[in-house]
1. Scan region B:157-203 residue by residue and report those that are touching a Ser or Thr at 6+ places or on another chain (Cβ under 7 Å) and over 26 Å from B:THR253 (Cα atoms).
2. Quick check on my filter: what residues within region A:586-617 are over 26 Å from A:SER520 (Cβ atoms) and within 12 Å of another protein chain (Cβ to nearest Cβ)?
3. For region A:394-404, which residues satisfy the criterion of being facing another protein chain (nearest Cβ under 8 Å), out of contact with any Leu (no Cβ under 9 Å at 6 or more places or on another chain) and not β-branched (Val, Ile, Thr)?
4. Output the number of residues of region A:583-602 satisfying the condition of being over 17 Å from A:LYS570 (Cβ atoms) and more than 41 Å from the chain's Cα centre (by Cα).
5. For region B:57-154, give me every one of the strands (runs of 3 or more DSSP E) that falls completely inside it and has 2 or more residues that are within 30 Å of A:PRO608 (Cβ to Cβ) and touching a residue at least 12 places away in the same chain (Cβ under 8 Å).
6. Can you go through B:PHE552, B:PHE599 and tell me which one is open to solvent by less than 20 Å² (accessible area, probe 1.4 Å) and on the phi < 0 side of the Ramachandran plot?
2 protein chains.
Amino acid sequence: MERNIKPRVFTKNRNTNPNNNRGPKKPVNGMRRKGMKLDRRPRSNPRPQRKKFEKANEIPAIGNNIRIIPLGGVEEVGKNMTAIEIGDDIIIVDGGFQFKDETTPGIDYIIPNTKYLEERKDKIRAMFITHGHLDHIGGIPYFIEKIGNPKIYSREFGAIMIKKRHEEFPHLPPLDIVTLDGDETTIIGESIKVESFSISHTIPDAMGLIIHTHFGKIVFVEDVRVDNIKGIPTDEEINQYKRFKDEDVLLLTLDSTSVEKPGWSLSESVVVENFEKIIRDVDSRLIIGTFASQVERILAIIEISDRYGKKVVIEGRSMVSNVEIIKYLKLIKTDNIISINDMENYAPDKIVMLVTGSQGEEFAALMRMANKSHKHIQLRKTDTILLSSSIIPSNHNAVIRLKDKLYRSEAKIITYLDSDVHASGHGNREELKWIHEQINYKFFIPLHGNHFMLRQHGELSKSLGTPEDNVIIPDNGSIIEISDNGNKIEVLPVKAPNEIVTVDGFSVSDIQDVVLRDRSLLSEAGIFVIVASINTRTGKLKKSPDIISRGFVYLRESQDLLQESRNLIKRVIERNIDGKGQIDFEMLKKKVTDELMKFLFQRTAKQPLVIPVILGV
Amino acid sequence: MERNIKPRVFTKNRNTNPNNNRGPKKPVNGMRRKGMKLDRRPRSNPRPQRKKFEKANEIPAIGNNIRIIPLGGVEEVGKNMTAIEIGDDIIIVDGGFQFKDETTPGIDYIIPNTKYLEERKDKIRAMFITHGHLDHIGGIPYFIEKIGNPKIYSREFGAIMIKKRHEEFPHLPPLDIVTLDGDETTIIGESIKVESFSISHTIPDAMGLIIHTHFGKIVFVEDVRVDNIKGIPTDEEINQYKRFKDEDVLLLTLDSTSVEKPGWSLSESVVVENFEKIIRDVDSRLIIGTFASQVERILAIIEISDRYGKKVVIEGRSMVSNVEIIKYLKLIKTDNIISINDMENYAPDKIVMLVTGSQGEEFAALMRMANKSHKHIQLRKTDTILLSSSIIPSNHNAVIRLKDKLYRSEAKIITYLDSDVHASGHGNREELKWIHEQINYKFFIPLHGNHFMLRQHGELSKSLGTPEDNVIIPDNGSIIEISDNGNKIEVLPVKAPNEIVTVDGFSVSDIQDVVLRDRSLLSEAGIFVIVASINTRTGKLKKSPDIISRGFVYLRESQDLLQESRNLIKRVIERNIDGKGQIDFEMLKKKVTDELMKFLFQRTAKQPLVIPVILGV
């Protein structure tokens, strides 16, 4: 193994501009550094430059045209949201969030930028939710009020997921949710008809939309897979899509997440068969870690366990929550679910546990068991632990740590590498191709994925005969216009606002640039605050300066460095005070910061944030 | 997609102990918080508790026995190093480093803990380096002096890699390197014979060791793969291992990195065949991104390019460096390598570029091209870009960003998903099994991998007939003793020092706990420093307190919060000064910190590090 080593370079501008470090002579207001136009992220972040939204009037009137505006989910896997503007009406599809990554330290989520919608909230007629996963519903509490609390249409499982999540935001007004049963056609605004149809994903009640417009039908599909036996779609799938036979479709949108993966994905039915064998044959406790969002699989596990006379224990917050919905909707018989406290009343081979934490999440059930900090469950050498999930790449190190700990328990471990115990909810390339072939569309917009995935998906569409000009690869905020009676599709030169919006504690904001950049810097080399009091009459330091440092060096072993720093500060201050007239505190702070940064880098090869506090007393 | 959401809990002890925040009345020395026994890492880190090394005399005298002490590489993939102690002699094998992860923010590397060796440096007779990759040589500059600058034995390519790297540390004394040609037997100490033998990896001159001891032979193999055609080892491999036929081996150690992967790995010869087709057929510039450490592949690319009359441009620091070694050793003809400045003298279809950065490294050649910041190379729509590497999981997001940018250039992209253009240097399970079957060993110690990989590798050995007691799964610092004339192997109850040692700028230390913990906290919610001056006579604040904050909230939009914080600080201070006698600054700081933390959390749901500076004037 080998990687490139970054040469160590002293970059002056990496540090703070000392002008921001207000001493007592100035108010703190201006603490944000002036005159510096900073990128929202550290330089390492190669996200494309977000274009500034200029003025609303730069966007031409829509007239008779149709606009598709992806607000999230087309430069990432996450925060899916798309606006469809048809004359005077706007329909929104989905409103998810995305988890942080290493470029957004400390934040909770990234959500779609809804400014375009906020400025047009009187036009919003409805929001449709394709399914109940957080990357499709998680953003709702943060923007729903700002866009005027439109009616939310969802099938039943998704509707309950949305309501449950909304209960965590008691300060918000209740949502106006309409539950679709799948057969009805909804009339939106003046004349837009919206039908829904069932599609396969990993959660009940996932749907696609057919939006009837004056130019033709828009078939809007987000997350989807195609159930198949070794590449042959099941009859159910064929039935679901046969409605499009001989139909002309204006526009298709489709999930791009797994377009890079060749062939057909493993069928969930194979996974369920393997579960059946394992549940039937296991002669000890069976602990299954999977995503709580894999509701279809959870249903199967509960049913199979019942068939073999086994009791199921549900553990972990999101797992309990989703099983509550299953019970509430009476989707299956759940008599064999028992409380964790009753577990010891049954023989070990009669116990199946369904637990959260297969991604190594710090506080989830499985990690607590592995850490021996779980209140009720101690792992035993005789247990069988089944990790029924692939690894989300950003969780890789956490999963490694989990596996290391689980192996120390000496339990038997089964993963997707040993046996087919996980299938994805996103169709591979051949599945997507099959869907393309079922729908006779004119225009294609790939959604749900990073730019490179969308590009590959666009190529797939072209390889099936779609003319180059009929395929649009959007960015977040692209305004895609269908005009000329449905004969032309193009991206307008102006974009909807697309600055990244972060949820950071209670703050929901598109202006966290400086904050995130500072967090990155702080995590590299910490902070170095110096406090010096100057006798304004003598121009001398009242005493040796004080230093407060965190996350920089181990201070107990750095006494020489601190003493030399104090001496340096003293010298720089006293050299720069002429003893006559006003003391220029700003100049002093700048000089001290510059000299100290240079000194600290030379001595430690680290560049902490240096903050000088210089007081005149 | 859905994951668990961590409930937001206000944990008081997450914050700083205000006692550390020395005001002017106390020296800075005690800045490390007293009385708190902190874990070296934030709580989230589930690494096993490292046991404290008590006293050297707890380790019983070695007597006639043999000890194997893995000092790194058996709880991680990285920082490989093992000591072999035979009576009065110590031999060291490898001395690598490991890259940081999310639990060690800001540091450069993690290196093996060499304290055990430092305390026994008079016994060290030799260090052997199995090959020139950084996870086997990268630690040398940081510990070689401390262990007494022992002789380093390596084959030629590795020897030059070590020397080149050492040039970056001009303050260190020169290394004492002995270049092995592979045929000789080296006598170490009184009577230990060490032979080396060739093995397959991704870099020339990789070797395994045969250490002849009074108890028998130790066959020491680190990184290794087995060249094969669809699961049939090549004749060369069969030749390399036939020396072990009918030989009794005391102990085998072996790479565990890819034991989890079933079957045989893709052969490098298949990769090279695919390269040949691509290089032959490409009718534009071909840009190949790969690891500079894949030296065997680089050799093949240069040769194939020459065969088809193509010129090769080398770009990126580590790539240039490794190609210099290739030239110096005259491993192949390199006449077709041209300078980047001469590139425009050739037709595009005569140009092959070999560049660094396939892992999305920020400053590497490929990322600079993708960012349009490369001085010489602008990507063109007609280019073909070949990413000849798998994705190291911790680089996943960086590679995604790279791919997104490369796709925006509209060049043609080929990855290992499209075509077999990358093979690993670590053998899959069946390759490892084949090696086991070639060597008739008594004891087995798996090395080079996380604990769960070692466990799986141990199971593999047992499945081949090794008795349970003859397989040892070590931790870093485990002292494994072979005694009873080579008939018994066991792990001693006492461990060698195994605290994690970090390289952080110029600091090499095993006591960075607090520093790393603070960096993690700072990256979550930043810092909030308050500066208040109290008139010691009146007990009143001289003026409204000042606030300096970074990485917490966007200050320009938080003026109310700041004003309320100032008011709160003022109230708390004035309420806690009785106006008589000495002011208890420590008590004041504690009160201010506690109240402010509570207030800021209630208002923002964030917990910055709060540092109070309270001055008496």
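The values are calculated or read from the model by the stated rules, or taken from the named source; none is laboratory data. Note that the structure is predicted; figures quoted are calculated from it, not measured. When we count neighbours, we look across all protein chains shown, and the Cβ atoms used for this are built from the backbone with ideal geometry, even at glycine. All accessible areas refer to the heavy atoms of the entire protein, side chains included, with ligands and DNA or RNA removed. Shrake-Rupley method; radii C 1.70, N 1.55, O 1.52, S 1.80 Å.
1. B:LYS164
2. A:ILE614, A:LEU615, A:GLY616, A:VAL617 - these are the residues of region A:586-617 that are over 26 Å from A:SER520 (Cβ atoms) and within 12 Å of another protein chain (Cβ to nearest Cβ).
3. Result: A:SER394, A:HIS396, A:ASN397, A:ARG401, A:ASP404.
4. Result for region A:583-602: 2.
5. In region B:57-154, the matching strands (runs of 3 or more DSSP E) lie at B:109-111.
6. B:PHE552
A quick yes/no check of all residues on (1) at positive phi; (2) away from every other protein chain (no Cβ under 14 Å); (3) not in a loop (DSSP other than H, G, I, E, B):
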residue: B:ILE304; (1), (2), (3): no, yes, yes
residue: B:MET319; (1), (2), (3): no, no, yes
residue: B:ASN322; (1), (2), (3): no, no, yes
residue: B:LYS330; (1), (2), (3): yes, yes, no
residue: B:MET343; (1), (2), (3): no, yes, yes
residue: B:GLY357; (1), (2), (3): yes, no, no
residue: B:ARG368; (1), (2), (3): no, no, yes
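So that you can scan it fast, the table gives a plain yes or no per residue for (1) of a type outside the set (Val, Ile, Thr); (2) open to solvent by less than 10 Å² (accessible area, probe 1.4 Å); (3) over 20 Å from B:ILE69 (Cα atoms); (4) within 14 Å of chain A (Cβ to nearest Cβ):
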| residue | (1), (2), (3), (4) |
| --- | --- |
| B:ILE472 | no, no, no, no |
| B:ILE479 | no, yes, no, no |
| B:ASP484 | yes, no, no, no |
| B:ASN487 | yes, no, no, no |
| B:GLU490 | yes, no, no, no |
| B:PHE506 | yes, no, yes, yes |
| B:VAL515 | no, yes, yes, yes |
| B:ARG519 | yes, yes, yes, yes |
